[in-house]
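Everything below concerns the one structure shown next.
The values are calculated or read from the model by the stated rules, or taken from the named source; none is laboratory data. Worth saying up front: this structure is predicted, and the values here are computed from it rather than measured. In this analysis, Cβ positions are derived from the backbone assuming ideal geometry, glycine residues included, and neighbour counts consider all displayed protein chains. Protein only, heavy atoms only, side chains kept; ligands, DNA and RNA dropped before computing areas. Shrake-Rupley method; radii C 1.70, N 1.55, O 1.52, S 1.80 Å.
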Amino acid sequence: TGGLALALMILPMIIIATREAIRAIPNSIREASYALGATKWQTVQSHIIPYSAGGILTGIIIGLSRAIGDTTPLMVIGALTFIAFLPTSPFTSEFPFISFKWLMDPFTVMPIQLFNWVSRPEREFHINAAAAGIILLIMTLLMNAVAIHIRYRFRKKIKW
């Protein structure tokens, strides 16, 4: 439920990024394709989607990096818990070597875990909270860097 709520929250961002990436393609590209006898679908398939793919992928990655820090929908569905143990491992030593028990284990999200660690008086929990904050920051920066790199690579291929 939380994943669905997060998906619905970032969906408008992805839609707007996709629309803007498609609108950024000059009409002269479309008209040139039509002038050469291409159908509307052929124009979309061979010109519009390849030229706008960088912007679309950038919007998706930035939306996902936003979802990393969003905890509101997860708190609403009950992830506001402190988990003091590790979940069941997805790998086992018996056949079929994969277990799905971990899907039913209790869960929480990193920002809530971070808040719980900060609110405890022991110094070790504060160190864990600082490390979790750094991990969240690094994940967000890496996802944004990947988005910029993908956009750059796609734009380098475009010759208009």
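Taking Tyr34 as the residue in question, decide whether it is over 19 Å from the mean Cα position of the chain (by Cα), farther than 21 Å from His149 by Cα and open to solvent by 30 Å² or more (accessible area, probe 1.4 Å). So Tyr34 passes the test. The set of residues in region 117-134 being farther than 16 Å from Leu86 by Cβ and surrounded by 13 or more Cβ atoms within 10 Å (Cβ to Cβ) consists of Val118, Arg120, Phe125, His126, Ala129, Ala130, Gly133.
Could you tell me whether Leu74 is of a type in the set (A, V, I, L, M, F, W, C) and modelled with pLDDT of 90 or more? Give the derivation first.
Details: of a type in the set (A, V, I, L, M, F, W, C): yes; modelled with pLDDT of 90 or more: no.
No, not satisfied.
Of all residues in region 28-46, which are in a loop (DSSP other than H, G, I, E, B) and hydrophobic (A, V, I, L, M, F, W, C)?
Filtering region 28-46 down to residues in a loop (DSSP other than H, G, I, E, B) leaves 36-39.
Answer for region 28-46, where residues must be in a loop (DSSP other than H, G, I, E, B) and hydrophobic (A, V, I, L, M, F, W, C): Leu36, Ala38.
In region 127-148, what count of residues is obtained for those that are of a type outside the set (A, V, I, L, M) and under 12 Å from Ile62 (Cβ atoms)? Reasoning before the result, please.
Taking region 127-148 as the starting set, the residues that turn out to be of a type outside the set (A, V, I, L, M) are 128, 133, 140, 144.
Then drop every residue that is not under 12 Å from Ile62 (Cβ atoms), which leaves 140, 144.
Residues flagged as of a type outside the set (A, V, I, L, M) and under 12 Å from Ile62 (Cβ atoms) within region 127-148 amount to 2.
Filtering region 44-51 for residues that are within 13 Å of the chain's Cα centre (by Cα), open to solvent by less than 30 Å² (accessible area, probe 1.4 Å) and in contact (Cβ under 8 Å) with a residue 24 or more places away in the chain leaves an empty set. Scan region 85-139 for residues that are touching a residue at least 12 places away in the same chain (Cβ under 8 Å) and of a type in the set (A, V, I, L, M) and the total you get is 9.
Looking only at residues in region 135-160 that are assigned to a helix (DSSP H, G or I) and of a type in the set (Lys, Arg), the one that is most open to solvent (accessible area, probe 1.4 Å) is Arg155. If you go through region 12-31 and pick out every residue that is without any contact (Cβ under 8 Å) to a residue 12 or more places away in the chain, under 15 Å from the mean Cα position of the chain (by Cα) and surrounded by 11 or more Cβ atoms within 10 Å (Cβ to Cβ), you end up with 1.
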